[in-house]
Each structure stands twice: as structure tokens, then as C-alpha cells.
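Reviewing the structure listed below.
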Amino acid sequence: MIKYIVKADVKEQLAKDYLKRHENISSTLWKKIKRQDEFFVNGQKVRATQATVKPNDIIEYNLPAISKVEAIQIPLNIVFEDDYFLIVDKIAGMLTHPLTFENTQTLANGVMYHFAKTNQNVGCHPLYRLDRNTSGLVVFAKMPQLQHQLANNHQKFQRYYYALVHGKLSQKQGQINAPIGRKKDSIILHEVNDEGKHAITNYRIIKEFENYSLIELWLETGRTHQIRVHMSYLGHPLLGDDLYGGKLDLIARHALHAYKLKFNHPFTHEEICLSSSLPDDMEKLIID
């Protein structure tokens, strides 16, 4: 059940208007909500289309959790869970979500097994996806409406990464503001080009080594391969990222780890800060 407490500084109004104006509910999502006939104000079931709310009222509604992902027993490293979210520390080499040609040994399969094992009638809705060989924290919403509202919201969900890149950067910290689009004649590769979508990556140097550097990055947008493309564009591709110019002599996969996540919980309003330790293949490269 999704729950909102009406803000104290609003006037009495239709619940529909409140949810759209103040909770960023889309028209598409509102249509799904009103069709379910499961809408409550202060614990009383009401017609969603006619309900009015005033400050401090409690709005609750439910939507069916539908997921076509098969539940398969896969070990999970769960770092956070409540009624709304499940946050998992993903290992490198695993897809976040099934693809047409690979649909059983993914993180989402393991998440669905966890939900089934713990008798949770919820769905599997990643707010973002990490590349197969990127390790670190992934957020799954338990309801589709949460995914719709929050997916790739870099203001509400702040994601921080560690990367090992070739060479030494000329600036100790900076911002890369360069549009990213698919490379012509490729279904995989992306590049910086004028026809691409707006993309911003921030970075700062953590430690420098003889031939490579450890950097921290945080995103303001969420484009495909964004960090990998932007660092290659700067002339400092990730170690192990042979797709974008990195070498494989020190690590067998691109050296990128989603190590920290910060957000204000949209329902409990608690500040959540979670972290994940560097995996062994990256850790060994920063130990003197």
C-alpha cells in the first residue's frame, strides 16, 4: 500500500490534483490508480475521482504487482529493505534485468525469488540498471508506481561511483558536460556527439598511481554507458574497458563500482545513506 501524508501548507483540494501537483503522479499513473477501486483517505475507502484532501490527511492506494520475471534462487547481498524498496549489492558479471536472449541468471531473478520466499506479493522494478560488469548498489522498487515516479531521478537518488582510469587527469576535480548518443552503425557503442542527449558527470581524484588513477564520480543524468563514454572522451578510459579504449592487462572487466547511494526516503522522509566496499579485483589495484 502506497501512503502519502498531505503537506501542511496546502489548501483543501481534490486528491487527484494534490497527487499530481505535489507528489508528481502522472496522468497515466492516475488512470491506473482510479481503476483499481482501492483508494483510501484517513483509512476510509473513497472514490478516487471525488475524494478531497486537506493538510495532514493520509492518502493510501494500491496497485497490483505484476512481474514476468522468473523467480530463481540466486545468492543476494541485500543491504536495505522495507515495504517500498529493496537495495542489493550486485556482483560484476551479472545482468541487472533479463534480456530476450538471457533471462534466468540475472539479479532480478534472484530478487523475485527473495520476494516469493518471504511471501511478498510485490514486483521487481529497478530504478536504474548497472552494466553487466559494473558492480555495486542497485535499487528495486516494490511497486510499479514508484519506479515510474523515481527512475533515474538523480536529484532524489544520488549515486556515487569509484572508477580506475588510465593515466593522470590534469584537473583534480571537474565536470564533464557533453551529450551522449549511440554511435552510428553500432547497436552497443555510444559516443559524445552533438545529436546525443544531455549528459553530465562530475568527478574528483581520490588517489594517483604510476599509470592510473582512482576517481570518484557522481551523475546528474543517466545515459547508457555514461561514465565509460565520458572518461574515454577525456582521454582516460576505464581500466579493463576495451570497448572504449581501456586495456585488460590489470583487470578483466571495466573498473567501475557503484559504491554509495544517498536519498531522502519518499515516504518515511528518513535520510538513507548506504555504501558498498570495493570488490577484490579493484581493491588489489589501490593497495600500495
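Points worth noting:
- Scan of region 50-68 for residues that are touching a strand residue (DSSP E or B) at 6+ places or on another chain (Cβ under 9 Å), at negative phi and exposed (fewer than 12 other Cβ atoms within 10 Å of the Cβ), ordered by number: Gln50
- Number of the condition not met by Gly110 [criteria: (1) without any contact (Cβ under 8 Å) to a residue 40 or more places away in the chain; (2) assigned to a loop (DSSP other than H, G, I, E, B); (3) open to solvent by less than 30 Å² (accessible area, probe 1.4 Å)]: (2)
- One residue stands out in region 163-184 among those that are in contact (Cβ under 8 Å) with a residue 60 or more places away in the chain and in a strand (DSSP E or B): the one that is surrounded by the fewest Cβ atoms within 10 Å (Cβ to Cβ), namely His166.
- Pick from region 189-216, criterion in a strand (DSSP E or B) and acidic (Asp, Glu), ranking: nearest to the chain's Cα centre (by Cα): Glu216
- In region 25-49, residue least open to solvent (accessible area, probe 1.4 Å) [restricted to those that are assigned to a loop (DSSP other than H, G, I, E, B) and of a type outside the set (Gly, Ala, Ser)]: Ile25
- Residues that are of a type in the set (A, V, I, L, M), buried (at least 18 other Cβ atoms within 10 Å of the Cβ) and assigned to a strand (DSSP E or B) within region 74-92 comprise Leu86, Ile87, Val88, listed in sequence order.
- Considering residues of region 190-213 that are closer than 13 Å to Tyr233 by Cα and aliphatic (A, V, I, L, M) only, the residue least open to solvent (accessible area, probe 1.4 Å): Ala199
- Condition check for Gly136 on (1) modelled with pLDDT under 95; (2) on the phi > 0 side of the Ramachandran plot; (3) buried (at least 20 other Cβ atoms within 10 Å of the Cβ): one failure, at (1).
- Hits in region 251-287 - residues which are in a loop (DSSP other than H, G, I, E, B), closer than 17 Å to Thr134 by Cβ and either modelled with pLDDT under 95 or open to solvent by 50 Å² or more (accessible area, probe 1.4 Å) (or both): Ala252, Ser277
- Filter result for Phe140 (in a strand (DSSP E or B), in contact with a helix residue (DSSP H, G or I) (Cβ under 6 Å, 6 or more places away or on another chain) and within 23 Å of Cys273 (Cα to Cα)): yes
- Condition met for Asp241 (without any contact (Cβ under 8 Å) to a residue 60 or more places away in the chain, open to solvent by less than 50 Å² (accessible area, probe 1.4 Å) and not β-branched (Val, Ile, Thr)): yes
- Residue within region 156-179 that is of a type in the set (A, V, I, L, M, F, W, C), touching a Leu at 6+ places or on another chain (Cβ under 7 Å), over 29 Å from Ala252 (Cβ atoms) and modelled with pLDDT under 90 present: yes
- Matching residues, region 1-24, being in a strand (DSSP E or B) and either open to solvent by less than 80 Å² (accessible area, probe 1.4 Å) or more than 13 Å from Lys54 (Cα to Cα) (or both): Ile2, Lys3, Tyr4, Gln13, Leu14
- Residue tally, condition in contact with a strand residue (DSSP E or B) (Cβ under 9 Å, 6 or more places away or on another chain) and within 17 Å of Met143 (Cβ to Cβ), over region 1-33: 7
- Checking Val122 against (1) out of contact with any helix residue (DSSP H, G or I) (no Cβ under 6 Å at 6 or more places or on another chain); (2) open to solvent by 10 Å² or more (accessible area, probe 1.4 Å), the condition it does not meet: (1)
The values are calculated or read from the model by the stated rules, or taken from the named source; none is laboratory data. Please read all numbers here as calculations on a predicted model, not as lab measurements. Positions of Cβ are backbone-derived with ideal geometry, glycine not excepted, and every protein chain shown enters the neighbour counts. Just so you know, the surface numbers come from the protein's heavy atoms only, side chains and all, with ligands and any DNA or RNA stripped out. Shrake-Rupley method; radii C 1.70, N 1.55, O 1.52, S 1.80 Å.
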